[in-house]
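Presented below is the structure to which this report refers.
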Amino acid sequence: MTALSMLMLGLMAVLVVGQVILRNLFDLGLPWADELSRISNIALVFFAVPALMLHNRHIAIDLLYSALRPAGKAILRFSNYALITLFAAIFTFGLYKFLIRAGKFSTPSLKLSNYAVYAPVLVAIVLLLVIAIYRLVTRTEPATDYETEDASNPIADAIAEEMADHVSAKTPSGDSRQ
């Protein structure tokens with residue numbers, strides 16, 4: 001999923017930069033490139049979401065989570081995955097209802113069916129649903145890169161060490177307040 005998201009990002013970047021160059025230097029626009037760029041943007045966003053959740057790399061504000069005891073953390077984690085499951089199920093149903101009507105039409109330039117345009121959305125949301133259900137059933141979650149057995153954060157430790165070195169370098173050598 002991550003590789004597919006990166007591919008969509010690369011495609012979108014090439015198409016947008018190419019369009020800007022063609023329009024500004026050659027006074028030439030390619031309508032299909034704008035359309036394909038929009039489609040790749042949709043795929044990029046929706047393929048990134050389940051990939052990030054699978055590897056526990058999504059943006060998270062864990063102020064509440066880190067303040068809880070293990071039982072509270074388990075309840076909060078279960079609640080989060082239950083809500084994600086509910087969201088993905090409702091989204092899938094809404095997308096189905098949307099595609100009943102919009103699937104009959106095609107895109108203006110590429111003449112792609114809306115079924116093809118929104119297929120990445122459906123696949124990604126179903127993957128999100130599967131991952132959330134898996135996490136609910138197994139009650140597991142992968143550890144983030146910075147979590148270690150002693151619960152220290154190497155990034156925070158490196159910043160603290162750098163700050164300590166910086167403060168000690170500014171203190172005069174004859175000062176007894178070290």
Sequence of Lys111, Lys73 from largest to smallest accessible area, 1.4 Å probe = Lys111, Lys73
Relative to the longest principal axis of the chain, what angle (0 to 90°, nearest 10) does the C-alpha long axis of helix 70-102 take?
-> 10
Can you tell me the FRET efficiency between Met6 and Phe91 if r is taken as the Cβ-Cβ distance and R0 is 25 Å, rounded to the nearest 0.05?
-> 0.60
Max mean-square fluctuation residue, GNM over the chain, Cα-Cα springs under 10 Å, options Leu110, Leu52, Leu95 = Leu110
Length released on extending from Glu161 to Leu28, taking residue separation times 0.36 nm less the Cα-Cα span = 42.4 nm
Size of the chain along its principal axes in angstrom, Cα-based, largest extent first?
-> 77, 52, 21
Quick calc: nm separation of the 7 Å Cα→Cβ label points for Val16 and Ala71 -> 4.9
May I ask you to compute the full-extension gain from Phe98 to Ala119, defined as 0.36 nm times their residue separation minus their alpha-carbon distance, rounded to one decimal in nm?
-> 6.3 nm
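The values are calculated or read from the model by the stated rules, or taken from the named source; none is laboratory data. Please read all numbers here as calculations on a predicted model, not as lab measurements. With ideal geometry, Cβ positions are generated from the backbone for all residues, glycine too; neighbour counts draw on all protein chains shown. Each accessible area value is taken on the protein alone, full model and side chains, heavy atoms only, with ligands, DNA and RNA left out. Shrake-Rupley method; radii C 1.70, N 1.55, O 1.52, S 1.80 Å.
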